[in-house]
Structures are given as structure tokens and as C-alpha cells.
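We did not get these values from a lab; they are worked out from the coordinates using the rules stated. Model, not experiment: these values are computed from the prediction. Cβ: placed from backbone, ideal geometry, glycine included. Neighbour counts: every protein chain shown.
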Amino acid sequence: MKYIEMQSYKDSNSVINPEKLLELVMKHAVKIDGEVYRLYRRFRADKWYGGIATGDVVGCNLRCGMCWAWKISYSLSGGVWMSPVDVAVKLEEIAKSRGFRQVRISGGEPLIAPRHLLKVADHLTNYTFVVETNGLLITRDLAREFANRPQVIVRVSIKGATPEEFSKITQSPPYYFHRQIEAIKILVESGLKPCVDVYPAAMLGFSTDETIKSLEKTLAGVDPRLSDCVDVEYVILYPHVVKLLRARGLTPTKAVTPSGIPAFMI
Ligand code: SF4
């Protein structure tokens with residue numbers, strides 16, 4: 001891919017523009033040929049949620065500076081084109097072989113080309129389908145689609161506790177922090193039960209006690225139950241993540257080692 005195109009998701013002031021990133025992912029990592037195809041880098045059994053079959057999809061509309069999957073999410077190429085049924089077959093194969101009841105699409109943003117994800121979910125009605133998303137692409141129509149699928153649980157991963165932290169982590173405008181909160185509101189209003197069908201996750205590795213309280217207040221403003229079911233995320237100091245943090249000039253306030261032990265960056 002030409003350098004100029006790789007840089008075209010930045011605005012003139014070097015701010016990363018999620019809409020432009022979305023266009024790039026749609027152009028390079030999504031293909032429509034009867035079905036909606038996406039590029040997948042790998043499939044695996046993962047330990048989270050007590051065991052979950054996972055497909056890692058290429059491409060994201062954000063550029064988080066602590067992304068553990070940045071080699072996949074930042075990418076716009078590589079991997080294999082897969083239709084929804086191909087993905088469902090792979091996920092079910094892993095789930096069956098490991099006795100898992102949960103499946104998910106991870107690695108990048110799964111709601112880019114949402115028809116693809118909905119079709120994968122439709123092939124896997126016997127499993128809990130965890131939609132892990134940054135929330136930027138959630139619309140009322142999509143929220144209704146989720147509400148009509150009882151197997152779907154939506155986990156909206158908020159980047160930071162405030163608009164300012166969001167911007168520091170993603171290099172995108174603070175406005176998009178509010179889009180993440182709005183996504184949760186839309187999902188709740190569309191009938192997904194707070195803390196059951198939809199819940200917030202939050203990257204609090206760059207937060208302070210004060211900003212965490214502010215996030216709790218913001219979430220309680222959407223629904224009082226939400227501040228009690230935040231899935232807190234800290235930066236995981238994998239070597240490739242430390243490399244990214246350094247390149248982005250980010251120092252977490254809280255981080256953990258890959259084995260889950262609290263850690264400080266040197
Ligand atoms: S939204 Fe998730 S996948 Fe995308 S860059 Fe951020 S952490 Fe990575």
C-alpha cells in the first residue's frame with residue numbers, strides 16, 4: 001500500500017480520523033461478493049470469559065496506543081478472506097473441541113461491515129456471541145438487530161475515563177468518547193438489559209481516581225446499574241505493547257504483566 005494512503009487517516013493537524021480509518025478498512029479489508037467477506041488473521045481458543053472461541057479480524061477504526069492486537073488491528077491487509085459461514089464453522093469447530101459456550105470476533109473492530117458479524121451470529125445461535133466493540137459504529141438500527149438476537153451480548157470498550165483520556169489514548173478527537181457513551185445509551189434504549197445484555201468495559205490504565213469517578217457518574221447517567229458492572233481493563237505489558245506505548249509517548253498509571261501481576265513501566 002502506498003505510504004500516502006497509509007497516512008490518509010490523519011487530518012492536517014495529525015489527529016487520527018476514525019471516519020477515514022473506516023473508509024480505509026472498508027476498501028482494503030472488506031469485500032462484498034454476494035456475501036460480505038472480511039480478512040481474518042487467525043482463529044484460536046482463548047482463556048477469557050472462562051474459555052471462548054475467537055477469530056481475529058483485520059482492521060480497526062481507532063489506533064489505541066495500548067492495543068495488544070495492534071499488529072492486526074492497525075493492519076489493512078494480510079490474512080484470509082472469509083465469509084460469515086466460513087467464520088462460523090471455524091468458531092464452532094474450536095468451541096466444540098474445547099467445550100466452550102462462548103464465541104467472539106476480536107483482533108480488530110467487529111462492527112466494521114456489521115452485516116458480516118450479524119450473519120456469523122445467525123449461524124451460531126447455540127452459543128453466547130460476545131460482541132466486543134469500541135462502540136463508535138453502533139446505530140439504532142444495529143442496536144435493534146442485537147436486541148432481536150438473544151445469543152448476543154455487547155461489551156462496549158470505552159477508551160479512558162474522560163474525553164481527554166480518550167484523545168490521549170487514541171489520538172482521535174475527544175468527541176468520539178461521547179459516541180462510546182451514546183452507543184451504550186442506544187443499546188439500553190433498544191431493549192438490551194444493562195449489565196446482562198450490554199455492559200461497559202473501560203481502559204483505565206491512564207486514569208486517576210478522580211477521572212474514574214467521573215466515568216462512573218457518566219455511566220450512571222445512562223443507567224444507574226451500569227457503574228456497577230464496568231469491566232476494568234489495564235494495559236497489559238506484552239513486549240510489543242511496550243514498544244507501541246513508547247512510540248506513542250504513553251506511560252500508563254496502571255498496568256499488568258502478561259501473567260496478570262500489577263506492574264510499572266520503567
Ligand atoms: S479499538 Fe480495540 S482493536 Fe481497535 S485499536 Fe483500540 S484496542 Fe485495538
Exercise. If the cut-off is a Cα-Cα distance under 18 Å, which aspartates and glutamates reach residue 119, setting aside same-chain residues fewer than 8 apart in sequence?
Worked result: 33, 35, 56, 86, 92, 93, 109, 132, 141, 145
Exercise. So which cysteines in the chain don't have a second cysteine's C-beta under 4.7 Å from them?
Worked result: 60
Seminar exercise, completed: Asserting the computed 222 nm helical MRE of the chain (DSSP H runs at least 4 long, -39500 (n - 2.57) per run, divided by residue count, to nearest 500) equals -11000 deg cm²/dmol
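Can you flag which of 27/159; 90/217; 31/213; 96/185; 159/193; 90/213 are past 31 Å Cα-Cα? Intermediate results must be reported in sequence, preceding the final value.
Details: 27/159 25 Å; 90/217 41 Å; 31/213 42 Å; 96/185 35 Å; 159/193 22 Å; 90/213 41 Å.
From the list (27/159; 90/217; 31/213; 96/185; 159/193; 90/213), the Cα-Cα distance tops 31 Å for 90/217; 31/213; 96/185; 90/213.
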Exercise. What is the set of long-range amide H partners of residue 198 at a cut-off below 5 Å, with H atoms built 1.01 Å from backbone N?
Worked result: 154, 193
For this session: Figure the gain on full extension for residue 212 and residue 93 (residue separation times 0.36 nm, minus the Cα-Cα span) and round it to one decimal in nm.
Result: 38.9 nm
For this session: May I have the extent of the alpha carbons of the chain along their three principal axes, as whole Å values ordered from largest to smallest?
Result: 47, 45, 36
Exercise. Ranked highest first by the average count of other Cβ atoms within 10 Å around their residues, in what order do 168-178, 45-55 fall?
Worked result: 168-178, 45-55
Seminar exercise, completed: Cα-based Rg and Dmax for the range 63-213, in Å, come out at 15.9, 46
For this session: Just name one of 51, 80, 202: the one whose Cα is farthest towards the positive end of the charge dipole of the chain (beta-carbon charges, Lys/Arg +1, Asp/Glu -1).
Result: 80
